[in-house]
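Below is one structure, written out as structure tokens; comments come after it.
The values are calculated or read from the model by the stated rules, or taken from the named source; none is laboratory data. No experiment lies behind these values; they were computed from the predicted model shown. Reconstructed Cβ throughout: ideal geometry from the backbone, glycine too, with neighbour counts over all protein chains shown. Protein only, heavy atoms only, side chains kept; ligands, DNA and RNA dropped before computing areas. Shrake-Rupley method; radii C 1.70, N 1.55, O 1.52, S 1.80 Å.
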Amino acid sequence: MSRTDESSRVTTSDQARRPRRRRSPLRIALVVALTVLLLGTAGLGWIYLKLNGNIDTFGADGLSKNRPAGSTKGENVLVIGSDARTDGNSALGGGDKGDIGRSDTAFLLHVYADHRHAVAVSIPRDTLVTLPPCKLPDGTWTRTRPNTMFNEAYSVGQTAKGNPACTQNTVEKLTGLRVDHTVVIDFKGFAALTRVVGGVKVCLPQDVYEKDLNPHRATRGGLLFRKGEQNLSGQRALDYVRIRHGIGDGSDIGRIKRQQAFVAGLVKKVKSDGLTPTRLLPLADAATKSLTVDPGLGTPKRLIGFAMSLKNIDLHDTKFATIPWRYQGERVAIVQPDADQLWAALKADRTLDGTDAGGKKGEQGGQTAAPSTAAEVSGDGIDVAVYNGTTTRGLASRAATALTEHGFTVTRTANAVDRDRAGTVIEYGAGLRTRAQTVARLFPGAELKSVPGAGVDVVLGRAYVTTGSTSAPASPSSTPTALPTSVARDARSADDDVCSNLSYG
């Protein structure tokens, strides 16, 4: 026998006698965890891939080149309901196939910086607004269209992916607030969402018949809904939110109230079920199949991340309101200065009851100017030009008087090119930010904006009509502390009784 064979035999024998090493519990746990992680990641990747195939985005090239400045105080999301007749929507709402649709429902959702408060402000479809230039499919831009119904903005773009940008431009023009994200949901998506959550509890103030849904019918038709509480999903839920005639005064304002009640009920249902991944995936799948969103929300990760960021908002602190309005013939006119006070309050992250939901007390967000007292402001050595960005006569002279009384040198007063500004803006050239900040201390709530040029300009908005003074800057008390009374009075919370405040007139 060779030495090699003997050595091998000894080694084999030793190995046989050697006790087997046991794997430690820690090692086993690590292997299991790694396996779960890999499988979980693969599953999550599959889920994201599935959802990603559902999401449509609209082009950012149709957004205005003259948008309001962004803010670190809160986030604004425009939600648009589309009645497009394409891709299976025709069966749910009638109309011509191939129709790119209109928007009869829209609200601006302001999510406060503390992520514990939110308010959705509805804009009636019949509201008379100014439509800013919108991009057409051939690359040209439309002319400004004043005194036009709000819902026409969604048709100007002439394409399903061009329309949301035009509506977003219109809302930014109307409010002076930057819209961070825009979401469009069609009939099919809405119906699917309500089915996934198992229906939404609603309440009817009276019996509703087919003619109430379609006023062109010759007869009353069959009974659609009985008076009182019921649970609705799918087509029936869609019929409920579309009903306009036969309840209250038959106006779009009344329909908005019922739509707000429905969305409140949907939020309540989702919150009660819990925003767990198991619950969220079917919701996300149903929603993304019929959503068109801006590029900033164009991935499942971003969309789900935004949804999850809302989970800590209490039902009572989820509010629904309507832009201050009045009838103007058969149309709706915006009431001022209430509307501008509303936008200013949202920009300052103030809730309905005046709470500062934007961060710590006294903390300044973004580039918003802080309120100040007259004794603290000295404009010695600072040149300023003043422009009236409103149709109120004498406003530039009024602001110039306040400036000169504090030592500023006013080099010019004139009307601005744009006479429909909501908020006041302090524009400044390179190296002049510090001077602009000093000027802004006389205009609480004004926005600072860097522009090409070599001076400091004050462009007055409608907010200055009510807060400005000829002898001293507005006091801190004039800084918006709450939404206007007309808004707060008619607002509802997501936890309100389902049968309350359901119609107007």
>> Treating the stretch 135-234 as a set of equal point scatterers at the Cα positions, no solvent, please give the Debye-formula log₁₀ I(q)/I(0) at q = 0.17, 0.19 Å⁻¹.
In response: -0.95, -0.99
> Classify the stretch 251-336: rounded, prolate or oblate, from the alpha-carbon gyration tensor (a ≥ b ≥ c, eigenvalue square roots; a/c under 1.5 rounded; otherwise prolate if a/b is larger than b/c)?
Replying inline: prolate
> Between Asn66 and Ala333, what length comes free when the chain is fully extended (0.36 nm per residue of separation minus the Cα-Cα distance, one decimal in nm)?
Replying inline: 93.6 nm
> Using the per-residue mean of other Cβ atoms lying within 10 Å as a proxy for protection, in what order, highest first, do the peptides 216-224, 349-357 fall?
Replying inline: 349-357, 216-224
>> Within 10 Å of each candidate Cβ there may be at most 13 other Cβ atoms; applying that plus a DSSP loop requirement, which trypsin sites (Lys or Arg not before Pro) in the stretch 133-209 survive?
In response: Arg143
>> If I model a spin label as a point 7 Å beyond the Cα along the Cα-Cβ vector, how far apart are those points for Thr401 and Asp249 in nm?
In response: 3.9
> For the stretch 201-263, which whole percent of the accessible surface, found with a 1.4 angstrom probe, sits on carbon and sulfur atoms?
Replying inline: 46
> Which cross-chain or sequence-distant (5 or more) residues have an amide H under 5 Å from the amide H of Thr322, H modelled 1.01 Å from N in plane?
Replying inline: Ser122
> Which of the peptides 381-391, 122-132, 446-456 is most tightly packed, and how do the rest follow, going by the mean number of other Cβ atoms within 10 Å of each residue?
Replying inline: 122-132, 381-391, 446-456
>> Can you give me the accessible area per residue for the stretch 232-335, using a 1.4 Å probe, in Å²?
In response: 41
> Could the peptides 106-118, 398-410 be put in order, highest first, of the mean number of other beta-carbon atoms found within 10 Å of their residues?
Replying inline: 106-118, 398-410
